[in-house]
Structure formats: structure tokens, C-alpha cells
Amino acid sequence: MNNFDFCSSTYFAFGKGKEKEVGKLVKKFGGSKVLIHYGGGSVVRSGLLDKVKTELTNMNISFIELGGVKPNPILGLVYEGVELCKKENVDFVLAVGGGSVIDSAKAIAAGAVYDGDVWDFYDKGKEVEKSLPLGTILTIAAAGSEGSGGSVITNENGMLKRSSCYDVPVAKFSIMNPELTYTVSKYQTACGAVDIMAHVFERYFTNTEDVEITDRFCEAVLLTMIKEVPVAIENPEDYGARSNIMWAGMVAHNNICGVGRGQDWASHRLEHELSGMYDVAHGAGLAVMFPAWMKYVMNHDVNRFAQFAVRVWGCKMNEENPEETAKEGIAKYEMFLKSIGMPTRFKDIDAKEEDIPAMIQKILLYCSSVGNFVKLEPEDMEKVYKLAL
Ligand code: NZQ
Ligand code: ZN
């Protein structure tokens, strides 16, 4: 196991009715003038936005609003939010929604106290040193942004989807009521599940030795997802399934599963070009990229893939031929994706083979290779994309 530092400073308020505590929590973390940030309307339709406003008003906290965050959030709205915060002397940003809303809110919170262009944090990798405090009310289990330092924003100028990942701005608090996810569609539930599992895969496939504890954490999250996701898709109002999935989403990405081990992240880089170019849901893009990546890198460490097959997918170990076991595990993962209605090939998301060079060029604007478990050079990236055709 490698040396590591780990700080997970978010206060989590989890369970039924917890959104009622929002006013108390904003106050606890010093907010008096709040920007409520939300998406395309689900929180309006569900009545959650009105409830939040009532709770803030009851605590004598003033607020302004900025809605309209789209999935794969764009820089233009971030700029608008930054200006609004500066003009209105906002001292707290409250994200009410999914990963896109939270990521956009993180960018606004950082940009509001920065003299330069907020895109510097994404494009130039500039470290975020300070931000307005941020709180979240999560409405979909997926990206894990409620407990992570990550934020992913797309610059409409060139459709460049870039991430920033620092200790600031991590949410001061995150409210997680699984009931708020009952209205998430079957498709979005599946997309979220794929993302949660992908966050574990990026950590699980490692070259670091003696990482039994984090291997087992990863496997626990994956086994939970395999059990609970079909239940939530079948019955969207199953509280048990929704609550396990919601917490799994946080655990998968606050790095408790990834400390002390090398991590890969090639599939996420390759996927961000898909969802940047085609406006496909991040989880759907991952369902296309991950099986392809697994097939391409499997022989780098057949035993790790065989372990994955046995411990996660219940395959029987073929001692004479572990490669067969490894392949069986990947096949079972792909079958699981199909069973929850996910795409697994370019054609399923209308992605085009002729766009592969352009996607690789966009990656090469920022780095010459991707991945850590196996380092993918441009010619490897092309082969992985082609395995997903
Ligand atoms: O916009 P609204 O109307 O709210 O609808 C959303 C959106 O259409 C809907 N939704 C959310 N909660 C709902 C609901 N519909 C009904 N009932 C509810 N309770 O779901 C759709 C997807 O929402 P979105 O926030 O885009 O989903 P997700 O949480 O998957 O976030 C995706 C974004 O997060 C980034 C992705 O790249 C993508 O841009 N990621 C962020 C990470 C991070 N910050 O650490 C890591 C991830 O790997 C990922 O890259
Ligand atoms: Zn992801």
C-alpha cells in the first residue's frame, strides 16, 4: 500500500426528511445570503425547490436563484453565476440537484472569489485555493460530487469537457434523502449506477500491491450495486434499494476506496470526449467505454481481472486458464449493463467512428497519454475506441 493523506470533511445528513434541515445547516456553516443553484426543472416539479426556500425563509436567510443547469454543465452558466454572486454579495452556494448542478455550483463558488477566469481551474489545472462555502441537496445517485473535490465543466467554445479536482470546494454539508431519488427515471437510474461502478473500477484496477482493505471496500460497493440496482429499476420507490445506492455513490467517489493505491481514470478521459461531443449521459458513455477498456488491458494483469470475475461476478476460477475466468467476468459485466438497459456500443449512442481522431486530438490538447494501470498512447486510445464500435 502507498502512503496517503485522506481528508473527507463533508457533513452528511442522510435519510428521510433531512432536507428540512437545510436552513439550520446553511447557518451552521456561516451562510446568510445564498445562491440556490438547480437544473432543468426536476426540483421545481417535485416541489423540493419550494421546500428549500421555505426552510431558508424560516431561518431568516435571504437567497437568490439560478436554475437551468444542463446535464454536462456548461461554462456560460458558470460565468453567469459568478457575476451574480459578486453583484449580490452572496456568501453561500447551495446546489439542489445532481452531479451537473453540484459541479456547476463548485465552479461558481470558486469563481466568485477569484480575480481571474474560472476556466483557469479546468483548462490550466490551476489549483483552487479558496471558494465560497458550498452545500448540496442531492437528488440523483451517480457522480459522487456530493462528497468529492471533483467538478467537471464543458466549455461550449470547442466543446472541451474538463475536470478540476482539489480539496476546495468540497461541500461543507450534503443532504441525502433517498426518497428524493424516487422520481429519477429508470434510464437515469441506470446511468447513475454505471458511473458509481465505474468510479470503483478506476480504483480497483491498480498496479499497487497489498491493498486488500481497499480491494474489499471496492468489492462491497460493486456487490451492493449488482444487488440493489435491478431492485430500484423494477420499483423506483424501494427505499432500501435507493438508500443503499445513494450511499454507495458517495463511498465510490470520496476516495475511501482509492486511498493508498494507484488509480487509472483512462476510461473517464476517453468517455468525457464522448459526452462532450455527443451530449450523451456520462453513465451511458461509460457503459460504452468500460467493457472496451477492460478487454484491451485485461492481459496486463489477468489475475486481477480473474479476481474481479470471481469475487464480484461469482465466476468459478479456472486455475489452468485464468484468462478464461477474466473474460467471463467482463462478459458478465457487459450482460449486467444490457440487463439494466444501458448502451454498450458506439452505434447505441449514435457516436461515429469518423469522430475518433477528433476525440483523441482533444485529449492530446492536455496530455500525451491517459491511464495508469496501463498507460494508453494515442494509438492505444484509437484501439480502445474501436473496440467499442
Ligand atoms: O436538470 P434536472 O431537471 O434536475 O434533471 C436531471 C438531469 O436531466 C435529472 N434528475 C436529477 N435528479 C432528478 C432528476 N430527474 C428526476 N428526479 C430527480 N430526483 O437527471 C438528469 C441527469 O442529471 P445530472 O446531474 O446530469 O446527473 P449526474 O449526477 O450523473 O451528473 C453528471 C455530471 O457529473 C459529471 C459528469 O461528467 C456529468 O457532467 N461527473 C462529475 C464528477 C465529480 N464531480 O466528481 C465525477 C464523475 O465521474 C462525472 O464525470
Ligand atoms: Zn464518473
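The values are calculated or read from the model by the stated rules, or taken from the named source; none is laboratory data. Just so we're clear, the structure is a prediction, and the values are computed from it rather than from any experiment. Positions of Cβ are generated from backbone atoms using ideal geometry, with glycine treated the same way; all protein chains shown enter the neighbour counts. Just the protein is used for accessible areas: all its heavy atoms, side chains included, with ligands, DNA and RNA removed. Shrake-Rupley method; radii C 1.70, N 1.55, O 1.52, S 1.80 Å.
List of remarks:
- Residue selected from region 176-212 under the condition more than 17 Å from the chain's Cα centre (by Cα) and among the hydrophobic types (A, V, I, L, M, F, W, C), by the criterion nearest to Thr10 (Cα to Cα): Leu180
- Residue match in region 124-139 (condition: crowded, with 24+ Cβ neighbours inside 10 Å, within 16 Å of ligand 2 (Cβ to nearest atom) and in contact (Cβ under 8 Å) with a residue 40 or more places away in the chain): yes
- Residue within region 262-279 that is modelled with pLDDT under 95 and part of a loop (DSSP other than H, G, I, E, B) present: yes
- Test: residue in region 251-258 that is farther than 30 Å from Met359 by Cβ, outside any loop (DSSP other than H, G, I, E, B) and in contact with a helix residue (DSSP H, G or I) (Cβ under 7 Å, 6 or more places away or on another chain): yes
- Of the criteria (1) in a helix (DSSP H, G or I); (2) in contact with a strand residue (DSSP E or B) (Cβ under 9 Å, 6 or more places away or on another chain), which one Thr54 fails: (2)
- Positions within region 361-389 being in a helix (DSSP H, G or I), in contact (Cβ under 8 Å) with a residue 40 or more places away in the chain and either in contact with a Cys (Cβ under 7 Å, 6 or more places away or on another chain) or not charged (D, E, K, R) (or both), in sequence order: Ile363, Met381, Val384, Tyr385, Leu387
- Filter pass, Gly116 being within 23 Å of the chain's Cα centre (by Cα), open to solvent by 30 Å² or more (accessible area, probe 1.4 Å) and at pLDDT 95 or above: no
- Residue within region 10-24 that is modelled with pLDDT under 95, farther than 26 Å from Asn89 by Cβ and not β-branched (Val, Ile, Thr) present: no
- In the set Glu353, Glu319, Glu334, only one residue is touching a residue at least 24 places away in the same chain (Cβ under 8 Å) and open to solvent by 40 Å² or more (accessible area, probe 1.4 Å); that residue is Glu353.
- Filter result for the condition that a residue is farther than 30 Å from Asp115 by Cβ and among the aliphatic types (A, V, I, L, M), over Val34, Val44, Val93, Val78: Val44
- Residue in region 145-156 that is within 18 Å of Gly260 (Cα to Cα), out of contact with any Pro (no Cβ under 8 Å at 6 or more places or on another chain) and surrounded by 22 or more Cβ atoms within 10 Å (Cβ to Cβ) present: yes
- The residues of region 204-227 that are within 16 Å of ligand 2 (Cβ to nearest atom) and either without any contact (Cβ under 8 Å) to a residue 60 or more places away in the chain or open to solvent by 10 Å² or more (accessible area, probe 1.4 Å) (or both), listed by number, are Cys218, Val221, Met225.
- Residue match in region 103-115 (condition: touching a Ser or Thr at 6+ places or on another chain (Cβ under 6 Å) and within 8 Å of ligand 1 (Cβ to nearest atom)): yes
- Candidate set: region 167-201, residues that are within 15 Å of Ser104 (Cα to Cα) and either assigned by TED's automatic domain parsing to the domain that holds Tyr239 or out of contact with any helix residue (DSSP H, G or I) (no Cβ under 6 Å at 6 or more places or on another chain) (or both); chosen: the one farthest from ligand 2 (Cβ to nearest atom): Val168
- Tally, over region 280-312, of residues that are open to solvent by 10 Å² or more (accessible area, probe 1.4 Å) and within 16 Å of ligand 1 (Cβ to nearest atom): 3
- Members of region 20-62 that are open to solvent by less than 60 Å² (accessible area, probe 1.4 Å) and aliphatic (A, V, I, L, M): Val22, Leu25, Val26, Val34, Leu35, Ile36, Val43, Leu48, Leu49, Val52, Leu56, Ile61
- Hits in region 228-246 - residues which are more than 13 Å from the chain's Cα centre (by Cα) and touching a residue at least 24 places away in the same chain (Cβ under 8 Å): Val229, Pro230, Ala232, Ile233, Pro236, Glu237, Tyr239, Arg242, Ser243, Ile245
- Within region 337-350, if we keep just the residues that are open to solvent by less than 80 Å² (accessible area, probe 1.4 Å) and not in a helix (DSSP H, G or I), the residue that is nearest to Leu223 (Cα to Cα) turns out to be Ile340.
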